[in-house]
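The values are calculated or read from the model by the stated rules, or taken from the named source; none is laboratory data. Just so you know, these numbers come straight off a predicted model, no measurement behind them. Every residue, glycine as well, gets a Cβ built from its backbone with ideal geometry; the counts of neighbours run over all protein chains shown. The protein model used for the area step is the full one, side chains on, heavy atoms only, and it has no ligands, DNA or RNA in it. Shrake-Rupley method; radii C 1.70, N 1.55, O 1.52, S 1.80 Å.
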Amino acid sequence: MSLANAHNAHNAHNAHNAHNAHNAHGGGGAAGGGLLAQALMVARDAIAPMGAVAVETPGPARQTPLTRLRRIEPDFALAALLSELSEGLSVEAAPSRFRITAGQGTLAEITRPSDADFVTETQLVAGYAELRAERLPEIMAQTETVLPFFGSILPLASGWTPCLMLLTALVQDLATAMVQRAKLGFGVARPHVLSPDIQPVIACPGHSAYPSGHAAQGFALAGMLGALTGADGPDPASPLDRMAARIAVNRTVAGVHYPVDSAAGAVLGLAVARWLVARATGDKVTGLGLDGGAWGGDAPGGSRDFHLPAFCRAWHAGTCLAPTTTFVAPEAPLLAALWQGAQQEWGQRWG
């Protein structure tokens, strides 16, 4: 199934928000309301000519795609970029396997752990409850957004890095779309459904557990920002990867995710980041696959816990987590222009 329609509802919501923002700026919203609109109408009637109005002949368009993209409302720009980025992607979401393909290549493939695996990991979720008091401020803030936690590492701001800010929104939105399709297919119950002793510290989302959306967003951001800044992850020494992993683990601390949810979300997030970078550069992309049932098999004692060193160990071992196929991703013109703008912004970060 094509992903061209995957974001329709989301984009419609964004378009509505952008329209409201435009109205507020122009006086149709709360800033001026109907009084300002009436005042503008009266003022126009007072100064406009009685007869024909002056009209200029349109000249040739001189703006580049990037210039046009930066002139429109961010939500509309994001909608256009999402449409372009999702071109060529197809999804298979079944109870036992989730797969994203592009042409002849597999971008991401994740298989479901067994019910016994989730029972085992529920004990790990219970153990993480000891960290709730320490992590609660982070957990609460991250229910709304994770981007500021990466903005504390790199200079990210709408005034400094407008192109990069669009890219961060884009990679998070595509990662979310992939995760939600996977969740619908797998239909995994949350930990507190398996044990009333888990008692999550936050309201549990209605969608299923596997994979973790926060892990997908976090590692999508880490992967995309790492590619822009010359890093090659995942790497235990990378503050971007450490932050992504901490955000993922916080969801287990909160009691709403199993550790393997984070591993699967990380794989999806990194795959999405790779796809974005490849479409922006016209380069090759190597897909990623995770055998959810085999997760932890290469860890000491076969632990199914998730943390960055465990994820990196699995990454290099190539057992439960391994590359799928390598293929060329066709360059996306709008995305390529935006990526070049972000590179320029990064090169000028010293002011």
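Just for the Cα atoms in region 83-162, what are the lengths along the principal axes, largest first, rounded to whole Å?
Its Cα atoms span 48, 46, 17 Å along the three principal axes.
Tell me the per residue accessible area of region 195-303 using a 1.4 Å probe; a whole number in Å² is fine.
In whole numbers, region 195-303 has 28 Å² accessible per residue.
If you take the beta carbon distance between Ala48 and Arg71 as r and set R0 to 22 Å, what does 1/(1 + (r/R0)^6) give as a FRET efficiency, to the nearest 0.05?
E between Ala48 and Arg71, to the nearest 0.05, is 0.25.
What order do Arg246, Arg68, Arg251 take when sorted by accessible area (1.4 Å probe), most exposed first?
Result, largest first: Arg68, Arg246, Arg251.
May I ask you to evaluate 6.51 cos²θ - 1.76 cosθ + 1.60, the Karplus curve with θ = phi - 60°, for each residue of region 315-326 and list the ³J(HN,Hα) values in order in whole Hz, giving x for glycine and proline?
Going residue by residue, I get 4, 7, 6, x, 9, 6, 10, 8, x, 9, 10, 10 Hz, with x marking Gly and Pro.
Which angle from 0 to 90°, rounded to the nearest 10, does the C-alpha axis of helix 259-281 make with the longest principal axis of the chain?
The angle comes out near 40 degrees.
Using helices alone, what [θ] at 222 nm do you get for the chain, with -39,500 (n - 2.57) per DSSP H run of 4 or more residues, divided over all residues and rounded to the nearest 500?
Numbers: 14 runs with 192 residues, N = 351.
That comes out to -17500 deg cm²/dmol.
Distance from a point 7 Å along Cα→Cβ of Lys284 to each backbone N in region 308-350: keep the residues under 16 Å and list them by number.
323-331
Taking only Cα atoms and a 10 Å spring cutoff, compute GNM fluctuations for the chain and point out the largest among Ala182, Ala94, Ala216.
Ala94
Over region 115-234, one equal point on each Cα, no solvent: what is log10 I(q)/I(0) by the Debye formula at q = 0.16 Å⁻¹?
Calculated log10 I(q)/I(0) at the listed q: -0.91.
Only residues of region 299-335 count here: report those whose backbone N is under 18 Å from the spot 7 Å along Cα→Cβ of Thr64, or say none.
331-335
Can you classify region 150-206 as rounded, prolate or oblate using the Cα gyration tensor, where a ≥ b ≥ c are the square roots of its eigenvalues, rounded means a/c under 1.5, and otherwise it's prolate if a/b beats b/c and oblate if not? Walk me through the numbers before you get to the answer.
Numbers: a/c = 4.86, a/b = 2.00, b/c = 2.43.
Oblate shape, in that a/c is at least 1.5 and b/c is the bigger or equal ratio.
Of all the C-alpha pairs in region 255-351, what % are more than 21 Å from each other?
Taking all Cα-Cα pairs of region 255-351, the fraction more than 21 Å apart is 47 percent.
Starting from the Cα-Cα distance between Ser114 and Ser195, subtract it from 0.36 nm times their residue separation and give me the gain in nm to one decimal.
The Ser114-Ser195 span can extend by a further 27.5 nm.
Mind putting together the pair-distance distribution for region 59-106? All Cα pairs, 10 Å bins, whole percent per bin, short to long.
20, 32, 24, 16, 6, 1
Can you give the Rg and Dmax of the chain based on its C-alpha atoms, in angstrom?
Rg, Dmax (Cα atoms, Å): 22.9, 86.
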